[in-house]
């Protein structure tokens, strides 16, 4: 049971990273990313492949994952930077599907739908599994704290104010002399780097990744985490991630009491519940449990 | 080789015509309600299953199954929009888009709860392919093509000649002016959702007749639907048709150089290409 709780804490930390990453674009800059699972998956694959095929140290793999995701994020943002936000929604959704297709079909590189196993983890095999879990939890907590510090720094800096100005009205920001496109592309790259980092950490923890892990459902989990925690609020993002893990695991136990349902029905109920939870939060408490201190200006358009 | 290419182009035009049906729905909602309604994916699946029930359980022919799918997906679309998406629209197009993704997840899983993950096929007579000028063509393909053409013609006639159709175009063009002229924009929005989601449902049946259906049917084609709408010009109905034919032919021709699994990547590449070179698409108006 203890190792179960530690594992859940690790996953909560990884989801906290994802929610923090989403917050940089959606919460602070007002850009949508409905394919964040694509950047998450890209990071996981880059780090896993680098460490497994070339024997690179895990730290190098993680750094490469963040860089690769940042590059992809910059490219995606650049393609739609001049257009209305709806286009970014479509492009990001498409991007995540492309990542999944490539991961499923390039057998020579990714081993297809069978996935990659035996991804190295720090001190895995050299210490007891229990100790490995605890060490990893400490690393993830450090990563969350570091990313949280960076995100808070961004939020309170003049840079963060420009991002918020772009979110509230990008034309006003442009009139004030800010290079809106450059800011948007940078914000998206920073966000994608965090998502890629989370992906790399995921792979090194579970030691196994497959295209199945990176389904659109993950995107919904993360959007739910950020929305429930408080869009625009970094601490809220972390809190929301913990709540989502609690909800997911809670329903796992709760559905144990349901008798007479096929496993596929139980799975369907849990997925539907996550979607419904997001809809309820959007309706009842759209600004989340910890709302952003400054009320966002409603776009007049 | 030329014959092979001709065959692929023919297949692509057939597939594109079917794709055009849900693409018109997506673009129509975009034109009137100004948000990308990703719930089109789940309504496509709802239509596919409603049509399957009509066809397999009630023994109705394909043409009637299409009608049942239109009604079922249209009603599901209006009800879910009224209850869930409409109250969120004041929060902005992007928030509504997120809610639409969540709605898709819920509806898709309702279907999974009832029907499970198994693949299901329609009850169709097995018929030999026709050979025309050295090209193969399946009678079922021709029938689907015909049904898609009928559905699209009905939409065009409706928009062009009826009072309600004109009201819809007026709201798409300028909602403020339309409401000043006494058009009930709420009613137009509801009607647009009904017709658009109904068309998504028809698309679901036509796709199902071609292959088989499961709860992910809608999600699997949604990228091609977006691509058709964006390439043709988001918000333009003739554009959706042109875009769908382009994507249909492009996906088939990609088989010459790419593995079949990468068909949907063609749609994504086409979106990127169009957004880089001509963001408003082939027939669209505004993208900024």
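Filtered by the rule that a residue be crowded, with 17+ Cβ neighbours inside 10 Å and in contact with a strand residue (DSSP E or B) (Cβ under 8 Å, 6 or more places away or on another chain), region A:48-88 gives A:48, A:49. Against the criterion of being under 19 Å from residue A:96 (Cβ atoms) and either in a loop (DSSP other than H, G, I, E, B) or within 11 Å of chain A (Cβ to nearest Cβ) (or both), residue B:223 qualifies.
Tell me, which residue of region A:274-291 that is farther than 15 Å from residue B:101 by Cβ and buried (at least 18 other Cβ atoms within 10 Å of the Cβ) is nearest to the other protein chains (Cβ to nearest Cβ)? So the residue we want is A:288. If the condition is being farther than 15 Å from residue A:102 by Cβ and either within 13 Å of chain A (Cβ to nearest Cβ) or part of a helix (DSSP H, G or I) (or both), then region B:245-264 contributes B:245, B:246, B:247, B:248, B:249, B:250, B:251, B:252, B:253, B:255, B:256. Consider region A:105-127 and keep the residues that are more than 11 Å from chain B (Cβ to nearest Cβ) and part of a helix (DSSP H, G or I). The one that is surrounded by the most Cβ atoms within 10 Å (Cβ to Cβ) is A:110. Take residue A:5 and decide whether it is assigned to a helix (DSSP H, G or I) and at pLDDT 95 or above. No.
Residue by residue through region A:136-158, note down the ones that are touching a residue at least 12 places away in the same chain (Cβ under 8 Å) and either in contact with a strand residue (DSSP E or B) (Cβ under 7 Å, 6 or more places away or on another chain) or over 16 Å from residue A:207 (Cβ atoms) (or both). Matches in region A:136-158: A:141, A:143, A:144, A:147, A:148, A:151, A:152, A:154, A:155. Evaluated against (1) within 14 Å of another protein chain (Cβ to nearest Cβ); (2) in contact with a helix residue (DSSP H, G or I) (Cβ under 8 Å, 6 or more places away or on another chain); (3) closer than 30 Å to residue A:108 by Cβ, residue A:75 falls short on exactly one condition, (2).
Given the criterion free of Cβ contacts under 8 Å to residues at least 24 places away in the same chain, in a helix (DSSP H, G or I) and more than 9 Å from chain B (Cβ to nearest Cβ), identify the matching residue among A:60, A:46, A:102.
Of A:60, A:46, A:102, the one residue that is free of Cβ contacts under 8 Å to residues at least 24 places away in the same chain, in a helix (DSSP H, G or I) and more than 9 Å from chain B (Cβ to nearest Cβ) is A:60.
Determine whether region B:272-288 contains at least one residue that is out of contact with any strand residue (DSSP E or B) (no Cβ under 7 Å at 6 or more places or on another chain) and under 16 Å from residue B:221 (Cα atoms). No, there is no match, as no residue in region B:272-288 is out of contact with any strand residue (DSSP E or B) (no Cβ under 7 Å at 6 or more places or on another chain) and under 16 Å from residue B:221 (Cα atoms). Could you tell me whether any residue of region B:201-213 is assigned to a helix (DSSP H, G or I), surrounded by fewer than 20 Cβ atoms within 10 Å (Cβ to Cβ) and out of contact with any strand residue (DSSP E or B) (no Cβ under 8 Å at 6 or more places or on another chain)? Yes, because at least one residue in region B:201-213 is assigned to a helix (DSSP H, G or I), surrounded by fewer than 20 Cβ atoms within 10 Å (Cβ to Cβ) and out of contact with any strand residue (DSSP E or B) (no Cβ under 8 Å at 6 or more places or on another chain).
Going by the structure shown, is residue A:66 in contact (Cβ under 8 Å) with a residue 60 or more places away in the chain and either under 12 Å from the mean Cα position of the chain (by Cα) or in a helix (DSSP H, G or I) (or both)? So residue A:66 passes the test. Residue B:78 fulfils the conditions (1) within 14 Å of another protein chain (Cβ to nearest Cβ); (2) more than 30 Å from residue B:142 (Cβ to Cβ) except for a single criterion, (1). The single residue among B:49, B:70, B:113 that is without any contact (Cβ under 8 Å) to a residue 12 or more places away in the chain and part of a helix (DSSP H, G or I) turns out to be B:113.
Let's see how each residue does on (1) touching a helix residue (DSSP H, G or I) at 6+ places or on another chain (Cβ under 7 Å); (2) touching a residue at least 12 places away in the same chain (Cβ under 8 Å); (3) farther than 25 Å from residue B:174 by Cβ:
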{"residue": "B:248", "(1), (2), (3)": "yes, yes, yes"}
{"residue": "B:259", "(1), (2), (3)": "yes, no, yes"}
{"residue": "B:273", "(1), (2), (3)": "no, no, yes"}
{"residue": "B:283", "(1), (2), (3)": "yes, yes, no"}
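In the set A:217, A:239, only one residue is within 12 Å of chain B (Cβ to nearest Cβ), closer than 26 Å to residue A:6 by Cβ and within 19 Å of the chain's Cα centre (by Cα); that residue is A:217.
Just to be sure, is residue B:147 closer than 30 Å to residue A:266 by Cα and touching a residue at least 24 places away in the same chain (Cβ under 8 Å)? It is false that residue B:147 is closer than 30 Å to residue A:266 by Cα and touching a residue at least 24 places away in the same chain (Cβ under 8 Å). Against the condition within 14 Å of another protein chain (Cβ to nearest Cβ), assigned to a loop (DSSP other than H, G, I, E, B) and under 21 Å from residue B:97 (Cβ atoms), how does residue A:83 come out, does it pass? Yes, satisfied.
Of all residues in region B:83-96, those satisfying the criterion of being at the interface with chain A (Cβ under 8 Å from one of its Cβ atoms) and either crowded, with 24+ Cβ neighbours inside 10 Å or over 15 Å from residue A:85 (Cα atoms) (or both) are B:84, B:87, B:88. Among the residues of this structure, residue B:267 does not count as one that is away from chain A (no Cβ under 12 Å), within 17 Å of the chain's Cα centre (by Cα) and crowded, with 22+ Cβ neighbours inside 10 Å. On inspection, residue A:4 passes the criterion of being closer than 21 Å to residue A:246 by Cβ and free of Cβ contacts under 8 Å to residues at least 24 places away in the same chain. Kindly indicate whether residue B:60 is at pLDDT below 95, surrounded by fewer than 24 Cβ atoms within 10 Å (Cβ to Cβ) and not in a helix (DSSP H, G or I). It is true that residue B:60 is at pLDDT below 95, surrounded by fewer than 24 Cβ atoms within 10 Å (Cβ to Cβ) and not in a helix (DSSP H, G or I).
The values are calculated or read from the model by the stated rules, or taken from the named source; none is laboratory data. This one's a predicted model, so the numbers in the text were calculated from it and none came from an experiment. Cβ atoms come from the backbone with ideal geometry, glycine included; neighbour counts cover every protein chain shown.
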